[in-house]
Amino acid sequence: MGLCPFHGEKSPSFAVSPSRQTYHCFGCGVHGNAIGFLMEHSGMGFIDAVNDLAQQVGMTVPQDDRSAEERERATKLKERQSTLADVLAKAANHYRQQLKANPRAIDYLKLRGLSGEIAARFMMGYAPDGWRSLASAFPRYDDPLLEESGLVIAHEGDDDAAAAKRYDRFRDRIMFPIRSVQGDVIGFGGRVLDRGEPKYLNSPETPVFSKGRELYGLFEARTAIRQRGFVLVVEGYMDVVALAQLGFPNAVATLGTACTAEHVQKLFRFTDAVVFSFDGDAAGRRAAGRALEAALPHATDVRSIRFLFLPAEHDPDSYVRQYGTEGFGRCIEQAVPLSRQLVAVAQDGCDMATAEGRARFLAVARPLWTALPEGALKRQLLGELASVATLDTGELTTLWQASATKARPSAPDTAASPPRQLVRAVRQGTANQLDRVLWLLLHRAELWWEIEGEAHDLLAEQTTPYASLFAHVERCLHDQGPMNPSALLDELTRSVGDDAHARATLDRIAGFHYPEAQTDLKQQMHLLLDQLRLQEVDHELKLLFESGLMSPDIQARSTLLLQSRARLKAALTRAAAPLT
């Protein structure tokens, strides 16, 4: 007998039977076997749970569908991940000790209203304001694992000068360890104490950390999510920690990137109800649009997905402190259901008083509606969409079926993947926009931290020379903070070295003189990024269409792309004036 890990209790009611290999809680009623326990408690899938149990007892799970080479690679990757996790755990302990010894960092947390208990629960720490603080925690500061884990930045080169240019990635920052659902430290988020850029700095992608799959605070929130019956998805580390102290321990956050389908799928392992919380500004609305796209394929009839929009001047932390736990609780209760959010997104920018506006509304709504799984929700929503467009449900069904019938005939379904030609390329018109983005970053370096992490990925995935140039921009700004245009241009020129193509691009951009547009520079950046996103979506849709393949995976991908296209087109249409 013991305390139940699935609900709060003071008297043990959780029973484990070794002979029957089962567990049962007489308090909340949960029950199952060892595999079910790992799936429920750690959020594992069935296969991962079986493999984990087998590893604990020294058994090998048959993997008939993998070659010996694939199994060997998987084993080496597992060992490598375990080694990196050990390094990150050691760093986390070092940062915790540094926090205890730094009154300035402690005062900052107290000023933010955080207690020592909540800081300990989230393993919060402090990275000292020194270039090689981690040298005191690791016997070898030149250990390649420090660089591979994202803790240390090293300049390329084999000479002594390059070796000397190794330094801590995180300096003078409050540290938030990011843990997997199993509790292993897989990365960090660091926040500046005072003013500085970037405000938040995340670990880079590593073999154990992918920001598109992980959620901050999920390990700490598992039990509370089950107790409360829902998970609250917010936008920042500090929101998660502050909400946990203020009575909402069931909050998690994405890691500087838009919510992905993998995030949503992971959350639904723990609960059937998700509430997305966003700021009420334009950035919050854009993030909500991406969350809607990610959530639609998972919106079955037994799941609840809602959207909470706070006033533009508030984040969850400040709102709870001003209006109290009950006030924020009422906001959660009044969160917009997914069906209403879908209608609102489709209506945005449409003049519903005209036939043209209603037609456009249906054109935007259709790919969103199509992404929903079959069920009662999808059928009911069809009727609501028809009503908003002043059509009968039968008329709308006939309209959409007719347009589907007229669609280009496709080749027979196949499980084949779409052509792997989806390498990003500088297509007609794209180069000018990338030039403009680089020009904006040269003249307003602070814009790098005004755009979301997903936008950083978009720029980093462009073709040469832009991918390398944006990578150099990121490293320069992360290493040295905001820089004036001439200093940043000099640093970039030095960084690209003998890359003639990159140097020519920098020279061309340095000589540009763009006329100031009516919109502010931040708004110009967002519009340029949306134009780039739209071009990428159109390009991939074209390739999928030309392939003639219609496997379920390709159909699902096409649906998501159409949703993104509709949202981006609407956002660009709303822009006051096109960029030149």
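Please go through segment 169-231 and write out the trypsin sites (Lys or Arg not before Pro) that DSSP classes as loop and that have at most 15 other C-beta atoms within 10 Å.
ARG195, LYS199, ARG213
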**Report entry** Summed residue charge, Cβ within 14 Å of SER180's Cβ, Lys/Arg positive, Asp/Glu negative
**Finding:** 0
Report summary line: HN-Hα couplings for segment 98-111 via Karplus (6.51, -1.76, 1.60; θ = phi - 60°), in whole Hz with x for Gly/Pro, come out as 5, 5, 4, 9, 10, x, 5, 5, 5, 4, 4, 5, 5, 4
Query raised in the report: Quick one: Karplus J couplings for segment 437-449, per residue in order, coefficients 6.51, -1.76, 1.60, θ = phi - 60°, nearest Hz, x for Gly and Pro?
Result: 4, 4, 4, 4, 5, 5, 8, 9, 4, 5, 5, 4, 8
Query raised in the report: Amide H neighbours of SER304 under 5 Å, counting only residues 5+ apart in sequence or on other chains, H built in-plane at 1.01 Å?
Result: ALA273, VAL274
**Report entry** Solvent-accessible area of TRP131 with every protein chain in place, 1.4 Å probe, in Å² to the nearest 10
**Finding:** 150 Å²
Report task. Give the long-range amide H neighbours of GLY130: residues separated by 5 or more places, or on another chain, with amide H under 5 Å away, using H modelled in the peptide plane at 1.01 Å from N. Result -> ASP172
Report summary line: Ranking ALA346, ALA335, LEU377 by how far each Cα lies towards the positive end of the charge dipole of segment 303-379 (+1 on Lys and Arg Cβ, -1 on Asp and Glu Cβ), the top one is LEU377
Query raised in the report: Mind listing the phi-derived Karplus ³J(HN,Hα) values for segment 53-58, rounded to whole Hz, using 6.51, -1.76 and 1.60 with θ = phi - 60°, and x for any glycine or proline?
Result: 5, 4, 5, 5, 9, x
**Report entry** Cα gyration tensor category, rounded, prolate or oblate, for segment 81-157 with a/c compared to 1.5
**Finding:** prolate
Report summary line: Taking r as the C-beta separation of LEU572 and MET1 and R0 as 41 Å, the FRET efficiency to the nearest 0.05 is 0.10
Query raised in the report: Amide H to amide H under 5 Å from ILE186: which residues, 5+ apart in sequence or cross-chain, H placed 1.01 Å off N in plane?
Result: ILE178, ARG179, SER180
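The values are calculated or read from the model by the stated rules, or taken from the named source; none is laboratory data. This is a predicted model, so every value here is computed, not measured. Using ideal geometry, Cβ is built from the backbone for each residue, glycine included, and neighbour counts are taken over all protein chains shown. The protein model used for the area step is the full one, side chains on, heavy atoms only, and it has no ligands, DNA or RNA in it. Shrake-Rupley method; radii C 1.70, N 1.55, O 1.52, S 1.80 Å.
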